[in-house]
1. What residues have an amide H closer than 5 Å to that of THR252, excluding those fewer than 5 places away on the same chain, when H is modeled at 1.01 Å from N in the peptide plane?
2. In whole percent, how big is the carbon plus sulfur part of the accessible area of segment 1-118, probe 1.4 Å, protein atoms only?
3. Rounded to the nearest 10 Å², what accessible area does LYS148 have for a 1.4 Å probe in the complete protein model?
4. I'd like to check one number: the per residue accessible area of segment 1-127, probe 1.4 Å, reported in Å² as a whole number.
5. Assign one of three labels to segment 137-283, namely rounded, prolate or oblate, based on the Cα gyration tensor with a ≥ b ≥ c the square roots of its eigenvalues; rounded applies when a/c is under 1.5, prolate when it is not and a/b is larger than b/c, and oblate otherwise.
6. On the full set of protein chains, 1.4 Å probe, figure out the accessible area of SER51 and give it in Å² to the nearest 10.
7. Give the peptides 311-317, 175-181, 222-228 in descending order of average Cβ contacts within 10 Å, highest first.
8. Each residue of segment 26-35 in order: what ³J(HN,Hα) in whole Hz does its phi give by Karplus 6.51 cos²θ - 1.76 cosθ + 1.60, θ = phi - 60°, with x for Gly and Pro?
Amino acid sequence: MILETNPGSVVDIQTAEGNRFLYAFMALDASIKGWKYCRPVVVTDGTFLKSNYGGTLLTACTQDGNGKIFPLAFAIVDSENDASWEYFFRKFKEAFGEKDGLCIVSDRCESISKGKNKLFPQASHGICMFHLLNNLKSKFKNKDNKVKECFYAAAKSYIVMKFDYHMKELDNINVQIRPYLMKIGKEKWARVYSKFPRYSTMTSNIAESMNAANKAARDLPVTTLLEYLRSLIQNWSYTNRTIAASTFTKLTNRAEEQLRENYSYSLRMKFTPSMTALYSVQDGTNTYIVKLKEKTCTCIYEGVVYPMPSKNNWDISAEIEGMTVHPPIALVPAGRPRKQRIKSSAEGKQKNKCGRLIDIIHRVFIDCF
C-alpha cells in the first residue's frame, strides 16, 4: 500500500525458510527525491527493537541545508550482522543510487564497514568521534577532560598543522594513544585527512536523535512500526517544508545566523578588512560563498509524503492477498524485557539519589550539633 499511495518508493520484504519474516526495507519517494539536494553524507545506525520477536531497526539519515534531520531509509532485521547490513546497503543503493563524494558515518561496527566496502567501495567511511572517544577512555582508563579536548580538536582540525599540534598534546598525556588512533586510520576520524568532505558531521548524533524519536514505537509490530515511521517523516517533511517556504534570506536560517555570528566575531577580533568583508552581511548581501541556499532547502521537500488510507479501503491484489508471512522463530529471554540500551563503561552510569532520604539525614546531622 505504500507503493500505491507513494509511487516511486522502494519497499521490500525478505522471508526465510517456511515464509518466516527475515527483513523489511522502506525508503519513501519523498526521501529519494530530496536526497539529490542534500550533502553526500549519510549517517547510519542500528537500535534494538522491544517486541516479542526482538530484532533491530537500521536507519540512514542526513541533514538538510538548515541542519534538520532528513530521514532516508529504514530496515527491520534480525540483528546487526554482516548479512543484514549488506542487505540494507544493497536496497539503499537500489533506491538512492551512487553519489560522488559519498561519505558514510557510523560507529565502529565491523558489519557496517564490510557492507559499505562491498556495495559502496568508492565511498569514504567516517567513524563517529564520540564513539571513538569512549573507546579511548575505556582502553586507556583515562577519564580526563584534557583527552577529550585534545582529541576533539585534532578530529575537527581543518589544517594539518593544527592536527599535528593537538596530536602532540595527546602524546604528552599518553604516548600509546597515537599508535592506537593511527591503527584505526586517521582518514576515518580526522576531518583534515578524510577522503571526501564530512562537513560538520563528525558524530552520529542525528542517527541517535532518530532512534530517540522512534523510541516509543520500538515495541510495536512490524507493520505498525513502519506506519509510525512513515507518519513521522510526513510530519517532519511538512514542518520543514513550511519553514523553507517562509525563508526569504539568500541563505537558510541556520546559515544566515552563523554568518552574522562570524561577522560579529570578525569585528571583535579585529580581523583584516578582507576577512571582515568575507563575513559581510550588510544590506542583506554577503560574499561568503556557500551552497546552503534557501532554494536548495525548498527543493529537498518538494516530494510529498502521502498518508495511508484506512485498512478497510485497501485495494489489495489477489497475488499479495494470498501471501502469508509467518513471524520469525525467536527465543524470548527470561525476565522483564529490556527498555534501555546497555551503556558502555566509558559513558558511566547515572547514580540516583533519594532526595527525601538526603533531607532526613541532613536534619539528623543538624540536630546532633
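1. Counting only residues 5 or more places away or on other chains, the set is GLU294.
2. With neighbouring chains kept in place, the figure for segment 1-118 is 44 percent.
3. Number for this one is 80 Å².
4. Per residue, segment 1-127 has 37 Å² of solvent-accessible surface.
5. The shape class here is oblate.
6. Surface accessible to solvent at SER51 totals approximately 40 Å².
7. Most protected by this proxy first, the peptides run 222-228, 175-181, 311-317.
8. Per residue, the Karplus-derived 3J(HN,Hα) values read 9, 9, 6, 4, 5, 5, 5, 5, x, 4 Hz.
The values are calculated or read from the model by the stated rules, or taken from the named source; none is laboratory data. What you see is a predicted model; the values in this text were computed from it and never measured. Methodologically, a virtual Cβ is constructed for each residue, glycine included, from the backbone with ideal geometry; neighbour enumeration extends over all protein chains shown. Keep in mind that these areas ignore ligands, DNA and RNA; they rest on the heavy atoms of the full protein, side chains included. Shrake-Rupley method; radii C 1.70, N 1.55, O 1.52, S 1.80 Å.
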